[in-house]
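Structure, as structure tokens:
The values are calculated or read from the model by the stated rules, or taken from the named source; none is laboratory data. Since the structure is predicted, the reported quantities are computational estimates derived from the model, not experimental observations. With ideal geometry, Cβ positions are generated from the backbone for all residues, glycine too; neighbour counts draw on all protein chains shown.
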Amino acid sequence: MACEPYEDEDLNIGQSPPPPSMQVTAVPGDGNRYVLSCEETQYFSLLWDCAGATPPTSTASNDTVVYARAGEYNITLHASTQGGNGSSSSSTTISVAEDLPLLCDGDVAVLTGDCGTKCWTLSPLAGSVQVGSGPLESDFFSSTGIDFTQMNDRFCFDFNASTFAFEDGGETFSACSGYVPIAYDHPQDATYFLAPAGGAAVDGPVIELSDGSWLAVEDSGPNYEIVSATENEMILSSEINPCPGGGPGYFTLTLVPAQ
């Protein structure tokens, strides 16, 4: 005997909620900051999806996000109502004309030597290179020292030109070539940018190097979160950028001022 499907004539799922009304407005005089607003009260759950912004998501009805890089971005608001009738969404696209200007303060000042040019190098002490399954972990590896070629590596940041230079003294210690010193052609026109926040370790500011650039270890970058920074030491966290056959994970790198 076949089973008959159960039907409840009184069951009424109802219509899906209408798309939420949303407002996205640039902060006057600041083309990198946008105010998000949804004043409707019939929704019990809101989720702003702002890929490329800081913060990238928000559940507040009113919030402000920052776009550090010039470009076009899509902003979507997902809204759900009580009663299990599902959710709906509304979207808009904004255009950010210019990169967020670097200000001579905080981590920028430390990174660039009070907004000039400053060079850093790997600390020669044990533990200056750590590798783990998550940010700031060392369950995969912790260095007991650094290779002699790494002692000559200098990572230089120029504030006024926004340029990044990797000075390797003729050879670079290569993870992707089997952990041996090699001659390496570093990009000669590399640049950097400091995003205000968004790192995976401590939600700190992120040094974004231009494509093809890296610092300290070859299979890191091109993004490095500043975990802590003083004029004498800077600790960075970077997701592994695997060599062929490599796996995922995170680096914790300790830098000191180059001599």
- Expected single match for in contact with a Pro (Cβ under 7 Å, 6 or more places away or on another chain), closer than 23 Å to Cys115 by Cα and buried (at least 18 other Cβ atoms within 10 Å of the Cβ) among Ala195, Ala216, Ala201 is Ala195
- Item | Complete set of residues in segment 129-145 that are in a strand (DSSP E or B) and out of contact with any Asp or Glu (no Cβ under 9 Å at 6 or more places or on another chain) | Val129, Phe141, Ser142
- Message: Anything in segment 90-109 that is of a type outside the set (D, E, K, R) and exposed (fewer than 15 other Cβ atoms within 10 Å of the Cβ)? List them, or say none.
- Response: Ser91, Thr92, Thr93, Ser95, Ala97, Pro101, Leu103, Cys104, Gly106
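To keep it simple, each residue is scored yes or no on (1) within 26 Å of the chain's Cα centre (by Cα); (2) assigned to a loop (DSSP other than H, G, I, E, B); (3) among the basic types (Lys, Arg).
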{"site": "Phe164", "(1), (2), (3)": "yes, no, no"}
{"site": "Gly169", "(1), (2), (3)": "no, yes, no"}
{"site": "Cys176", "(1), (2), (3)": "yes, yes, no"}
{"site": "Pro181", "(1), (2), (3)": "no, no, no"}
{"site": "Tyr192", "(1), (2), (3)": "yes, no, no"}
{"site": "Gly199", "(1), (2), (3)": "yes, yes, no"}
{"site": "Asp203", "(1), (2), (3)": "yes, yes, no"}
- Taking only segment 150-178 into account, find how many residues are in contact (Cβ under 8 Å) with a residue 12 or more places away in the chain, surrounded by fewer than 18 Cβ atoms within 10 Å (Cβ to Cβ) and among the hydroxyl-bearing types (Ser, Thr, Tyr). 2
- With the condition kept exactly as written, say whether any residue in segment 118-128 is surrounded by 19 or more Cβ atoms within 10 Å (Cβ to Cβ) and in contact with a helix residue (DSSP H, G or I) (Cβ under 6 Å, 6 or more places away or on another chain). yes
- Restricting attention to segment 37-87, and to residues there that are under 23 Å from the mean Cα position of the chain (by Cα) and closer than 16 Å to Pro19 by Cβ, which single residue is surrounded by the most Cβ atoms within 10 Å (Cβ to Cβ)? Leu77
- Message: Only one of Ile226, Ile235 is in contact with a strand residue (DSSP E or B) (Cβ under 9 Å, 6 or more places away or on another chain) and either under 21 Å from Tyr67 (Cα atoms) or polar (S, T, N, Q) (or both). Can you tell me which?
- Response: Ile226
- Message: Is it the case, given these coordinates, that Ala195 is in contact (Cβ under 8 Å) with a residue 60 or more places away in the chain and assigned by TED's automatic domain parsing to the domain that holds Phe155?
- Response: yes
- Message: Which of the numbered conditions does Gly31 fail, given that it passes all the others? Conditions: (1) outside the structural domain of Asn232 (by TED's automatic domain parsing); (2) surrounded by 15 or more Cβ atoms within 10 Å (Cβ to Cβ); (3) within 18 Å of the chain's Cα centre (by Cα); (4) within 26 Å of Asn160 (Cα to Cα).
- Response: (3)
- Kindly establish whether Thr93 is under 30 Å from Ala175 (Cα atoms), hydroxyl-bearing (Ser, Thr, Tyr) and part of a strand (DSSP E or B). no
- Item | Criterion violated by Cys243 - all others in (1) buried (at least 22 other Cβ atoms within 10 Å of the Cβ); (2) touching a residue at least 60 places away in the same chain (Cβ under 8 Å) satisfied | (1)
- Message: Just the residues that are more than 15 Å from the chain's Cα centre (by Cα) and within 15 Å of Leu209 (Cβ to Cβ), please, taken from segment 232-259.
- Response: Met234, Leu253, Leu255
